[in-house]
Structure formats: structure tokens, C-alpha cells
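Structure first, then comments.
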Amino acid sequence: MANETQRAHVLQIANTRFATKQFDPTRHIPAQDWQTILEVGRLAPSSFGYEPWRFVLLKDPQLKEAIKPFAWGALNSLAGADKILLILARTDVTYDAPYIQHLVEDVKHKVYSPTSPQSQHFKVFQERDLALKDAHDRFEWACRQAYIAMANMMFAATELGIDSCPIEGFNYARMNQFLADHQIIDPVHWQIAVMVSFGYRAQPIKPKVRQPLGDLYEEV
Ligand SMILES: Cc1cc2nc3c(=O)[nH]c(=O)nc-3n(C[C@H](O)[C@H](O)[C@H](O)COP(=O)(O)O)c2cc1C
């Protein structure tokens with residue numbers, strides 16, 4: 001069993017992770033810390049281990065400026081966070097997709113065939129159990145996984161003394177169009193899931209306001 005110090009530390013991190021509205025624009029995340037956060041994202045769990053995501057750092061000041069008119073929820077972050085990360089999710093994860101063949105052969109170093117039991121099991125899982133009908137459904141499913149990567153990155157950042165803010169406050173259609181226009185995504189294969197900023201807060205942490213555990217946890 002974990003000891004009291006470990007439990008207190010975990011809760012301390014959960015209470016310190018704070019959707020930061022005001023960042024200190026003069027502070028920058030050290031390269032090694034940033035690599036660690038990205039590594040945590042890379043190591044995040046995904047369905048069947050198919051990693052349906054990509055992380056894109058929005059660095060170019062002109063690109064940052066250009067998204068302001070349709071990214072209201074990112075304005076605070078754009079004003080001072082050191083990193084604005086776009087988390088993209090795939091629309092095209094299917095048992096017979098070239099991407100899956102690549103992942104199985106080149107990453108997992110296993111034999112791939114669309115008719116293998118593993119591929120056919122995945123097909124049934126997606127089409128019957130998850131009832132994914134089209135690219136939009138597959139994207140929404142990939143998004144759910146992308147959010148896990150984001151959450152893990154935010155938790156890790158807090159551990160490193162780095163603040164963050166998850167960002168859904170933008171027009172998704174305009175953002176996807178913008179990313180396609182700038183050749184950042186091929187919209188047939190990718191859409192944006194969510195954004196997340198990282199940096200250092202220039203405001204005190206607000207104490208957490210949450211429902212009591214008894215209102216959201218039960219045992220059956
Ligand atoms: C999926 C998601 C999207 C969010 N989008 C935004 C956003 O666009 N802009 C923003 O300032 N905060 C955003 N937030 C932050 C929430 O407002 C914040 O997490 C919530 O109020 C609880 O505060 P806390 O995270 O500091 O505990 C988002 C949070 C989540 C989980």
C-alpha cells in the first residue's frame with residue numbers, strides 16, 4: 001500500500017493543477033521539462049494501442065494571432081502561456097487503414113493482415129460494439145483518447161511546477177479550416193480534438209470547488 005506521504009503528494013498535485021487564466025509571459029519552460037511533458041503524452045494509453053493522435057506546438061506568432069478571432073477560450077493563454085499545444089485526433093483509424101498497417105508493422109513490429117484475428121476483432125469492436133459508423137464517429141472516439149493524453153500531460157506538468165489550461169473554447173469548423181489552409185492537417189485524416197496551454201501562472205491558485213464525492217461515486 002502507498003504511504004501517507006505518497007497519497008498526500010498525489011492530492012497536492014491534483015489540487016495544484018489549475019486551469020490557469022493568467023500566465024506570466026516572461027517565463028519559459030525549460031527544454032527538458034517540455035520534452036518530459038511530451039513524453040508523458042507519447043506514453044498515454046490508447047485503444048488497442050493505436051495512438052490516434054498528434055501533438056502540434058503552435059509557435060509561429062502570426063499563426064497565434066490568426067486564431068484569436070475564433071479561439072475565445074484561448075485568449076488568456078495566447079497572452080502569456082509559453083506553449084500552445086494543438087492535440088489532433090485521427091478520423092481514419094480502421095482495421096484496414098494504411099496507418100494501422102504502419103503502426104502494427106513499423107511500431108509494434110508484428111505481422112499485419114486485414115484478415116488476421118486481431119484485425120477482425122478490432123473491426124467488430126469498432127463497428128458492432130462501439131457502433132462507429134463513419135469518419136465523424138471515429139474522430140469522436142479518437143478524441144476521447146486524445147483527452148487522456150492531454151490530462152496526463154497536465155498532471156505531469158503540475159508535478160514539474162508548470163501550469164496549464166485545457167482549451168475547447170474555439171470554433172471547431174474554423175479551426176479545422178485554418179489548419180487545413182496552412183497545411184497543418186489533411187482534414188480527411190485529422191481534425192483538432194482540443195488545445196492545451198502550458199506556462200507559469202501569474203495569479204494565485206483558486207481552491208478547488210467540486211461536488212462532494214458522495215454525489216458522484218457509488219458502489220454497486
Ligand atoms: C475539456 C475542457 C475544456 C476547457 N476549455 C477551456 C477554455 O477554452 N478556456 C479556459 O480558459 N478554460 C477552459 N477549461 C478549464 C475549465 O474551465 C476548468 O478546468 C474548470 O473550471 C475547473 O477549474 P480547475 O481546472 O482550475 O480545477 C476547460 C476544461 C476542460 C476540461
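The values are calculated or read from the model by the stated rules, or taken from the named source; none is laboratory data. This is a predicted model, so every value here is computed, not measured. A quick note on method: Cβ atoms are made from the backbone with ideal geometry, for glycine too, and the neighbour counts reach across all protein chains shown. Surface accessibility is based on the protein's heavy atoms, side chains included, excluding ligands, DNA and RNA. Shrake-Rupley method; radii C 1.70, N 1.55, O 1.52, S 1.80 Å.
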### Task
Working only within region 170-194, note down all residues that are under 11 Å from THR91 (Cβ atoms) and among the polar types (S, T, N, Q).
ASN176, GLN191
### Task
Mind checking which helices (runs of 4 or more DSSP H) fall wholly inside region 84-202 and carry at least 1 residues that are small (Gly, Ala, Ser), touching a residue at least 40 places away in the same chain (Cβ under 8 Å) and buried (at least 22 other Cβ atoms within 10 Å of the Cβ)?
135-159
### Task
Just give me the residues in region 181-213 being polar (S, T, N, Q) and either more than 16 Å from the ligand (Cβ to nearest atom) or touching a helix residue (DSSP H, G or I) at 6+ places or on another chain (Cβ under 9 Å) (or both), in sequence order.
GLN183, GLN191, SER197
### Summary
Restricting region 5-21 to residues that are more than 10 Å from the ligand (Cβ to nearest atom) and over 10 Å from GLU159 (Cα atoms), the one least open to solvent (accessible area, probe 1.4 Å) turns out to be ALA8
### Query
Under the condition of being open to solvent by 30 Å² or more (accessible area, probe 1.4 Å) and not basic (Lys, Arg), which residue from region 68-77 is nearest to TRP141 (Cα to Cα)?
TRP72
### Task
Determine whether GLN62 is assigned to a helix (DSSP H, G or I) and either more than 16 Å from the chain's Cα centre (by Cα) or within 16 Å of the ligand (Cβ to nearest atom) (or both).
yes
### Task
Select, from LEU216, LEU130, LEU160, the only residue that is more than 16 Å from the ligand (Cβ to nearest atom) and under 23 Å from ALA14 (Cβ atoms).
LEU160
